Amino acid sequence: MKKNFVLDTNVLLYDPQALFKFEDNNIIVPITVIEEVDRFKKDLNEIGRNARFISRQLDELRKKGKLSNGVELSSGGILKVVLSDKTHKDMLPPELISDKADNMIMAVAMMLTKEDAWHETVFITKDTNLRIKADAIGLATQDYESNKVDISELYSGYVQVHVSADKIDELYKKLSAPHDGDGELYPNQCVELVDSANPSHTALARYDKASGAFVCLKLPKDPVWGITARNREQTFAFDMLLNDNIKLVTLTGMAGTGKTLLAIAAGLLKSADESVYKRLLVSRPIFPMGKDIGFLPGDIQDKLKQWMQPIFDNIELLFQGYRVDGKKAQGKGYEELMKLGILELEPLTYIRGRSIPNQFMVVDEAQNLTPHEIKTIITRAGDNTKIILTGDPYQIDNPYIDASSNGLSYVVDRFKDDDISGHISLLKGERSDLAERAANRL
């Protein structure tokens, strides 16, 4: 039986294609949602672009017939724009009778629940508190689940495999060993081989699906811009970051695990030293932690520096530890690399419409991006471009997403079985003993 799905504004702003993702059911858009979308349409961020896209979609659908009577969608469903009046609002409890947009949208859902006995009505919203209020007044309500993954079962990129001692010896001798055991492995999955008879006899490897074999990790003999892997997961990360055949690498982990530092160090090696890529491009979304302090002074570079300061901190740390023939490098600061065009730092605001070929691109704090924004970024990649996404799915500043619906988690889940991608979750904090204890205890 068909259902009535009443959509909240945040659903459309999160996914502008949401109108077409409810199959052949009835899609109800309260007029209040249209008014709220209109308020966002002039914004120059992703939400503003989504608002404008929604408006254009509705205008195109309007040409097929009156939205108030219902218009057929390509998915087979019916889209209808519904007005809310005082009669509808009176269906709510006295505490919720007001002109507040959320309550007016709920009033439409309540009206359909009581007046349309032929269809089950479900209120769809990404607002947690609004779902609680809707449930309290007897409305069937759900989160918008499209592009959502189970964060508790998110792919870690690592597995431990018990093998014979001969298998480990073969790996060390031939640099590869066939995988003939039980259990399916994902392409480029990081593996710790453990001797079944002697657990202390181990080897680190990566699964190569094309050959069906475990392959030895390929790591440089010298530190990468003064950085060496301090734990198992960082070793796996460096192997994938420095492998030119793996075009998409995702690194997740709590603060201080070295995600950004490892990515930038690998990028500098590949672009500034080995010239495999023309440029190291480092970017991050602009979301403040806590209350914004308002406008920042200066020109665009001055404003940008405040948002990119965490990146500058990592690069400065790398230059402090960078050595050439045992001596500290002189005169090759990051300002010089930026002047030479080898290093570029910019916000993600201006990436739409670009084509980015032959670059090592690091996107920091990727957990603050929606799946649609992540898709926009990855589809900018031109020939011979490698993209690194780093972030912590549990530290999100974007109010429209959570640990399960953010773009980083989405990419990890969707690309885990792709042979040009690799992922590892970093577990141990290496910034300092204090930082790790704070991350675990607080």
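Every number here is computed from the coordinates shown, using simple stated rules; none is lab data. Values in this document were obtained by computation on a predicted structure and should not be read as measured data. No Cβ is skipped: glycine too gets one built from the backbone with ideal geometry, and neighbour counts run over all protein chains shown.
Before moving on, here are some points about what is shown:
- Counting every other Cβ atom within 10 Å of each residue's Cβ, 32, 235 order from fewest to most as 235, 32.
- Amide H contacts of residue 224: none lie under 5 Å away among residues 5 or more positions distant or on a separate chain (H built 1.01 Å from N in the peptide plane; Pro and chain starts excluded).
- Once the C-beta distance of residue 230 and residue 309 is scaled by a Förster radius of 30 Å, the resulting FRET efficiency is 0.80 to the nearest 0.05.
- Each residue of segment 182-195 is assigned a 3J(HN,Hα), and the resulting list reads 7, x, 7, 10, 8, x, 6, 6, 7, 10, 10, 7, 10, 5 Hz, derived from the Karplus form 6.51 cos²θ - 1.76 cosθ + 1.60 (θ = phi - 60°), x at Gly and Pro.
- Amide H contacts of residue 162 (H built 1.01 Å from N, under 5 Å, at least 5 apart or other chain): 194
- Footprinting exposure proxy for 216, 190 (fewest neighbouring C-beta atoms within 10 Å first): 216, 190
- With R₀ fixed at 60 Å, the C-beta to C-beta distance from residue 211 to residue 68 puts the FRET efficiency at about 0.50.
- Angle between the chain longest axis and helix 165-174 axis [Cα atoms, degrees, rounded to 10]: 70
- Summarising the strand pairing of the chain, around 25 percent of its internal DSSP beta bridges are antiparallel.
- Selected from 41, 66, 428 as most flexible by GNM, with the chain as the system and alpha-carbon contacts under 10 Å: 66
- Option label - Cα Rg over 2.2 N^0.38 Å computed here, alternatives (1) 1.15; (2) 1.29; (3) 1.56: (1)
- In this structure, the amide hydrogen of residue 81, modeled 1.01 Å from its nitrogen in the peptide plane, lies closer than 5 angstrom to those of 29, 68, 70, counting only residues at least 5 positions away or on a different chain.
- Residue exposure proxy: 22, 40, ordered by other Cβ atoms within 10 angstrom of their Cβ from fewest to most, comes out as 40, 22.
- A simple rule links phi to the HN-Hα coupling: the Karplus curve 6.51 cos²θ - 1.76 cosθ + 1.60 with θ = phi - 60°, which for segment 93-98 gives x, x, 5, 10, 7, 7 Hz, with x for Gly and Pro.
- Highest average packing first - 404-412, 268-276, Cβ atoms within 10 Å: 404-412, 268-276
- Centroid-to-centroid separation of segment 361-418 and segment 1-75 [C-alpha atoms, Å]: 25
- Protection-proxy order for peptides 394-400, 1-7, each taking the mean of Cβ atoms within 10 Å per residue, highest first: 1-7, 394-400
- Within segment 86-178, trypsin sites (Lys or Arg not before Pro) in DSSP loop having at most 15 other beta-carbon neighbours inside 10 Å: 100
- When the chain is described by a simple charge dipole with +1 on each Lys and Arg Cβ and -1 on each Asp and Glu Cβ, the residue from 190, 237, 357 located farthest towards its positive end is 357.
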